[in-house]
Amino acid sequence: MRGFEYYTPTKIYFGKDTHYKAGSIIKAGNHHKILVHYGGSSAEKSGLLDEVCNTLKEAGLEYILLGGVVPNPRLSKVREGIALCQKEQVDFILAVGGGSVIDSAKAIGYGTANPDTDVWDFFLKKAVPKACLPIGVILTIAASGSEMSGSCVITNEEGWLKRGSTRSDLCRPEFAILNPRLTYTLPQYQTESGCVDILMHTMERYFVNIETMEITDSISEALMQTVIYNARILMKEPGNYNARAEVMWAGSLSHNGLMECGTAGGDWACHQMEHELGGMFDVAHGAGLAAIWGSWARYVYTQNPERFAQFATNVFDIPYHADVEKTALAGIEAMEDFFRSIQMPTSLSELGLTLTDEDVHTLAFKCSFEDTRTIGAIMQLNLKDIEKIYQMAR
């Protein structure tokens, strides 16, 4: 069992109508000029943006708006935000949206607070940020967990590279407002894709090849069962508040560090491989993860079949057979069956992609940083391994 450090500085305001507190919360933090960062037209059409801005006005706060964040958030929008924050002397960023908006806000915060460093260097790991503008979140999509995490992912349109920043507490939001009602209007595909992302944040930390802590395992398994149960409810009852609330809180817990205590950080191969899919083909993150997970699992499970068998038994109630590999494979199949039950893809063709051999090689070449690194923990994967998994997933 490995030692660990655990720290979660983000204050959570959870419940109905909590977004009306945004102005008073920011005012109490002694902030003055706010960048309200958001995505597309949904925040405007729903009236949420007006409600948020009214709370800022009532608190006597100045603010400016920057919308237009898209899924797989773009570096160009980050640069636009940095220039705006520097020009307007912004001292706080309020992200109104899901993981893409929050990640964009974090990158803007890094770039504004480190004016002598190009922000993309933080994602290429050429530089380490020394500061970040403070950030608050009003969450509208339960998925990424970025509202409590110390990391962010940005896509550079030059080369369509999707890269994550070095983890740092500097970019952890000061607060996150979680009102499950704000997720009611999400399309079903986005809701269920978000559920997969939450599961994968837990599974990336769960599937490791070292001795783990029983308490962390138990929390992880309970979280996965909760998400699976409520994701199925939301297929039939998208307005079910309790199901929305369970999934929203699970999303925060899955990615705030709690699930990796004693796991030495986790595996993350699936995320690294999906990042290349998102960068090249702009697919929904959770759906992309669902499309490759089964192929990854079948490629690596023999490295620790007991771990996969434990997953099968404790998450899906599959009897633990004397043939451990049989139990492990049954668990992988059960997870894929769950993905199908919520209309998520289990292959790249179901995701709408038809990959050529050249596409597969390009994805693997990018994922391996041009054949200079391996990924994964339960099994270290080189360029050839990554290619084989993409091929299996086709």
ask   = Where the only charges are on Cβ atoms (+1 Lys, Arg; -1 Asp, Glu), what is the dipole of the stretch 209-366 about its Cα centre, to the nearest 20 debye?
value = 400 debye
key: Percent RCO, i.e. relative contact order, over the stretch 1-101, from Cα pairs under 8 Å lying at least 6 residues apart   = 38 percent
key: Straight-distance crosslink candidates among lysines, where the alpha carbon sits under 27 Å from LYS130 and sequence neighbours closer than 8 are dropped   = LYS11, LYS27, LYS33, LYS77, LYS87, LYS106, LYS162
message = How compact is the stretch 187-326 by the rule of thumb for globular proteins, expressed as Cα Rg over 2.2 N^0.38 Å?
response = 1.05
Student exercise, the chain dipole from Lys, Arg, Asp, Glu Cβ charges, in Debye to nearest 20 = 820 debye
message = Could you sort LYS130, LYS366 by their accessible area in this structure, using a 1.4 Å probe and putting the largest first?
response = LYS130, LYS366
task = Determine the equivalent ellipsoid of the chain by diagonalising the alpha-carbon gyration tensor, then write out the semi-axes as square roots of 5 times the eigenvalues, largest first, rounded to whole Å.
result = 34, 24, 19
ask   = Once you wrap a convex hull around the alpha carbon atoms of the stretch 134-256, what is its projected area averaged over all directions, in nm²?
value = 9.1 nm²
Accessible area (Å², per residue) of the stretch 227-286, counting only protein heavy atoms and a probe of 1.4 Å = 32 Å²
task = Could you check how much of the accessible area of the stretch 1-56 is carbon and sulfur, as a whole percent, using a 1.4 Å probe?
result = 47 percent
query = Given a 1.4 Å probe, how much area per residue of the stretch 132-195 is accessible, in Å²?
reply = 31 Å²
task = Please work out how much accessible surface LEU170 shows to a 1.4 Å probe, ignoring ligands, DNA and RNA, in Å² rounded to 10.
result = 80 Å²
request  = Could you tell me, in Å, what Rg and Dmax come out for the Cα atoms of the stretch 85-151?
outcome  = 12.0, 35
remark   = Expressed in angstrom and rounded, the centroid-to-centroid distance over alpha carbons for the stretch 178-237 and the stretch 254-270 is 14 Å
inquiry  = Within the stretch 133-219, what whole-number % of the accessible surface is contributed by carbon and sulfur, with the 1.4 Å probe and all protein chains included in the calculation?
reply    = 55 percent
inquiry  = Can you give me the angle between helix 269-281 and the longest principal axis of the chain, using Cα atoms only, in degrees from 0 to 90, rounded to the nearest 10?
reply    = 60 degrees
ask   = Considering only protein heavy atoms and a 1.4 Å probe, what is the carbon-and-sulfur percentage of the accessible area of the stretch 260-394?
value = 46 percent
Per residue value of the accessible surface for the stretch 1-67 (all protein chains in place, 1.4 Å probe), Å² = 57 Å²
query = So which lysines can LYS326 reach, going by Cα to Cα under 29 Å and dropping same-chain residues fewer than 8 places off?
reply = LYS384, LYS388
request  = Specify the angular offset, from 0 to 90 degrees and rounded to the nearest 10, of the alpha carbon long axis of helix 285-300 from the longest principal axis of the alpha carbons in the chain.
outcome  = 30 degrees
Dipole of the chain, positive end: most advanced residue of LEU84, ILE108, THR346 [Cβ charges, Cα centre] = LEU84
query = How many angstrom separate the Cα center of the stretch 62-109 from the Cα center of the stretch 319-368?
reply = 34 Å
Coordinate range along principal axes, alpha carbons of the stretch 156-219, Å, largest first = 40, 36, 28
ask   = Normalised by the residues of the stretch 135-284, what does the relative contact order come to in percent, with Cα pairs under 8 Å and at least six apart?
value = 33 percent
ask   = How much space per residue, in cubic angstrom, does the convex hull of the C-alpha atoms of the stretch 49-175 take up?
value = 98 Å³
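The values are calculated or read from the model by the stated rules, or taken from the named source; none is laboratory data. What you see is a predicted model, and the numbers here were worked out from it, not measured in a lab. As a convention, Cβ positions derive from the backbone with ideal geometry for all residues, glycine included, and neighbour counts pool all protein chains shown. The accessibility values were calculated without ligands, DNA or RNA, using every heavy atom of the protein model including side chains. Shrake-Rupley method; radii C 1.70, N 1.55, O 1.52, S 1.80 Å.
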